[in-house]
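Taken together, the values in this text are just the output of simple stated rules run on the coordinates, not laboratory data. This is a predicted model, so every value here is computed, not measured. Backbone-built Cβ (ideal geometry, glycine too); neighbour counts: all protein chains shown.
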Amino acid sequence: MYTRRDRLFVAFLVIPSFVLLGAVVIYPFIYNLILSFGNMNLTRIRDWQLVGVRQYVKILTEPTQPDFYEIFLKTVIWTVVNVVFHVVLGVFLALLLNQKLRGKAVYRTLLIIPWAIPQYIVALTWRGMFNYEYGAINVILTKYLNLPAVEWLKSPTEAFLACILTNIWLGFPFMMVVALGALQSIPSELYEAADIDGATWYHKLTRVTLPLIRPVMIPAVTLGIIWTFNSLNIVWLVTNTGEPSDKTHILVSFVYKAAFNFYNFSQAAALSIFIFVILLALSLFFMRRSRATEAAY
Amino acid sequence: MGRVLTHIALMFFVLIALFPVWQVVNISLRPGDQLLSTKLEFIPDGATVQNYVRLFTEKDFLRWMANSALVSFVVTITGVVFASMAGYGFSRFRFAGRTIGLLSLLTTQMFPATMLLLPMYIMLIKLGLINSYLGVVIVYSATALPFCIWTMKGYYDTIPVSLEEAARIDGCTPFSAFYRVILPLAAPALVITALFSFMAAWSEYLVASQILQDTNLWTLPLGLKSFESSMSTEWGLYGAGSLIVMIPVVVLFLALTRWLVSGLTLGSVKG
């Protein structure tokens with residue numbers, strides 16, 4: 001049991017953070033929820049009314065420009081492709097680094113750099129590199145690989161691809177670091193035992209390594225999915241607010257545009273809630289699965 | 001043979017990881033008449049530091065830097081103080097609302113940026129606080145705080161409770177046991193917390209672009225973006241500015257990698 005003094009001390013420790021979070025997280029969240037049931041926009045910023053679920057119905061049924069379902073599908077593709085590449089590259093590089101190797105620390109340090117650079121600089125730099133005439137990517141394609149130049153930023157598909165390439169580049173170090181941490185905690189006896197049993201490298205990978213790093217990777221992947229789904233900087237800045245003609249949006253950038261370029265505040269609020277619910281459901285699903293896997297080992 | 005292949009593969013990825021950085025360096029050193037060159041030389045012809053000089057003499061770069069430093073400093077202090085206290089509370093005490101508190105901290109990670117930004121933006125318009133640092137400082141602190149509290153909690157969990165018990169027997173108050181015994185031991189986690197709070201403020205563009213519209217208040221990201229958005233992109237200035245902005249962050253980040261690894265894995269496994 002705690003004494004009165006202990007209780008006062010806990011209050012002193014925790015309450016400041018919760019007041020701050022309450023003021024700037026919980027209050028805005030509730031305000032956002034209320035807003036999503038209203039009809040606020042730039043011309044109706046003070047005399048807006050509650051109109052029920054109209055915003056949600058509108059999003060799901062009325063055709064928008066660009067099309068909501070197309071954006072949603074694109075967001076799913078964006079998230080899946082990015083996270084798959086992050087994890088595969090990250091684990092692959094971690095496996096390479098997790099052996100006796102000269103210059104290991106140097107490789108590791110250099111490979112983390114994409115994670116360390118501020119995202120907006122990453123985005124603006126890659127935007128420059130994707131430039132049609134003098135961007136480095138097209139220079140390499142045409143001069144060194146004898147391939148035709150690609151019009152990266154002028155057509156929807158290529159621009160979307162450009163965003164994905166940028167984001168893959170920026171995201172693999174996180175997974176690499178997490179996987180490396182997990183690999184280092186696997187006891188070497190397991191590999192010795194596997195060697196005695198005459199296991200091939202493939203068997204060691206699939207029967208020892210991967211199952212053992214799974215409990216660490218699943219929370220990291222969950223986090224990765226949330227971050228990628230919600231990642232606004234890259235799409236917004238690489239495509240310069242959704243060029244060409246708002247055809248490159250994923251959900252979060254579309255919401256940002258709805259809020260701060262079109263000032264459809266209530267529509268944006270409803271979309272935000274929609275994104276949040278999807279991510280919450282996804283995380284609960286993953287957390288349940290990771291608990292199941294932890295119990296299995 | 002396998003070893004050689006490993007080195008080749010790693011070098012290939014290092015090359016990819018460093019290529020954009022090299023691009024930034026390269027562009028920043030180009031003289032004005034070669035900004036649109038399509039040559040890929042390691043160091044450009046007639047390399048010059050002219051862009052760096054222009055940054056400080058012709059542009060408000062110093063002012064942006066001072067603004068960014070101010071905002072980042074306040075956010076870092078807020079983050080470290082609040083997270084070190086709250087993390088300790090969550091780690092050592094069982095109290096009503098503890099589990100809900102911890103889970104709601106996790107939930108905030110699923111908020112899309114607009115979910116907090118939009119209500120805050122509308123509030124700030126109504127309060128007439130657009131173009132004030134208070135707005136950005138609050139948003140940045142709030143975004144960084146949940147992660148920092150988790151990191152601190154995870155680290156305190158690894159410090160044995162017997163240390164405080166001993167201190168208490170020696171006559172320490174709960175606060176001095178925390179402040180004099182535990183807090184110094186948690187220095188690595190404090191450093192990570194400071195780094196993350198600092199980066200949240202130093203590298204943020206989208207929130208700042210909505211709240212800070214007065215060019216006198218611009219932080220570095222807004223300044224750098226302005227080189228790119230004007231009719232003709234000033235690539236030289238952009239490159240020079242970017243490099244100055246990213247060097248301290250990259251160096252700090254790399255220096256702290258080791259702690260980052262343990263901090264991240266602890267947080268995710270021990271929950």
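Taking the Cα atoms of the stretch B:115-271, the ratio Rg/Rh between the radius of gyration and the Kirkwood radius comes to 1.10.
The aspartates and glutamates within cross-link reach of A:K247, meaning a Cα-to-Cα straight distance under 13 Å and a gap of 8 or more places when in the same chain, are A:D67, A:E70, A:E158. Summarise the long-distance tail of P(r) for chain A by giving the % of C-alpha pairs beyond 37 Å. Of all Cα-Cα pairs in chain A, 33 percent lie more than 37 Å apart.
Taking packing as the residue-averaged number of other Cβ atoms within 10 angstrom, the listed peptides A:81-92, A:54-65 run from highest to lowest as A:81-92, A:54-65. Using the Cβ-Cβ distance between A:L73 and B:L103 with R0 set to 30 Å, the FRET efficiency works out to roughly 0.45. Between B:Q210, B:P146, B:S226, the Cα set farthest toward the positive side of the dipole of the stretch B:50-270 (charges on each charged residue's Cβ, about the Cα centre) is that of B:P146.
Placing +1 on each Lys and Arg Cβ and -1 on each Asp and Glu Cβ, with no other charges, gives the protein assembly as shown a dipole about its Cα centre of roughly 1120 debye.
Return the subset of A:K257/B:K59; A:K154/B:K225; A:K74/B:K39; A:K154/B:K39 for which the Cα-Cα distance in this structure is over 32 Å, preserving the input order. Numbers along the way, then the final one.
On the way: A:K257/B:K59 29 Å; A:K154/B:K225 20 Å; A:K74/B:K39 35 Å; A:K154/B:K39 23 Å.
Table pairs above 32 Å Cα-Cα are A:K74/B:K39.
Taking a temperature of 25 °C and a viscosity of 0.890 mPa s, what whole-number D in µm²/s does Stokes-Einstein yield for chain B with Rh from Kirkwood over alpha carbon pairs? The calculation lands on 114 µm²/s. Among B:F56, B:F73, B:F90, the largest mean-square fluctuation in a Gaussian network model of chain B (Cα springs under 10 Å) belongs to B:F56. The alpha carbon centroids of the stretch A:234-289 and the stretch A:73-113 are separated by 26 Å. Summarising the label geometry, the points placed 7 Å from Cα in the beta-carbon direction at B:A187 and A:L42 lie 5.3 nm from one another.
Let me know the mean shielding of A:19-27 by other chains, meaning the per-residue number of their Cβ atoms within 10 Å of its Cβ.
Working: counts 1, 7, 11, 0, 2, 12, 12, 2, 4.
Shielding by partners across A:19-27 averages 6.
This ranking places A:H249, A:H203, B:H7 by how few other beta-carbon atoms lie within 10 Å of each, fewest first, which gives A:H203, B:H7, A:H249. Calculated translational diffusion coefficient of the protein assembly as shown (4 °C, 1.567 mPa s; Stokes-Einstein with Kirkwood radius over alpha-carbon pairs) equals 51 µm²/s. Taking Lys and Arg as +1 and Asp and Glu as -1, the other residues whose beta-carbon sits under 15 Å from that of B:M11 total +4.
Helix B:113-127 and the longest principal axis of the C-alpha atoms of chain B enclose an angle of approximately 90°. How many angstrom lie between the C-alpha centres of the stretch A:206-229 and the stretch A:1-48? One Cα centre to the other: 32 Å. Qualifying trypsin sites (Lys or Arg not before Pro) in the stretch A:60-108, where qualification requires a DSSP coil assignment and no more than 13 other C-beta atoms within 10 Å, comprise A:K100, A:R102.
Averaged across A:254-263, how many Cβ atoms of other chains sit within 10 Å of each residue's Cβ atom?
On the way: counts 1, 6, 7, 1, 2, 7, 7, 0, 0, 0.
Across A:254-263, the average partner-chain Cβ count within 10 Å equals 3.
Secondary-structure-derived ellipticity at 222 nm for the protein assembly as shown, considering helices only, amounts to -23000 deg cm²/dmol, per-run term -39500 (n - 2.57) for DSSP H runs with n ≥ 4. The GNM of chain B, with springs linking C-alpha atoms under 10 angstrom apart, assigns the highest mean-square fluctuation among B:D214, B:D60, B:D33 to B:D33. Taking the longest Cα principal axis of chain B as reference, the axis of helix B:133-157 is set at about 50 degrees. A DSSP coil position with no more than 14 other Cβ atoms inside 10 Å describes the following chymotrypsin sites (Phe, Trp or Tyr not before Pro) in the stretch A:108-182: A:Y132. Straight distance only, please: which lysines reach the Cα of B:K153 with their own Cα at less than 27 Å, same-chain residues fewer than 8 apart left out? Answer for B:K153, where 27 Å is the Cα cut-off: B:K270, listed by chain and number.
Against the main long axis of the alpha-carbon atoms of chain B, helix B:235-255 sits at an angle near 30°. Peptide B:134-143 has a mean of 2 when you count, residue by residue, the C-beta atoms of other protein chains within 10 Å of its C-beta.
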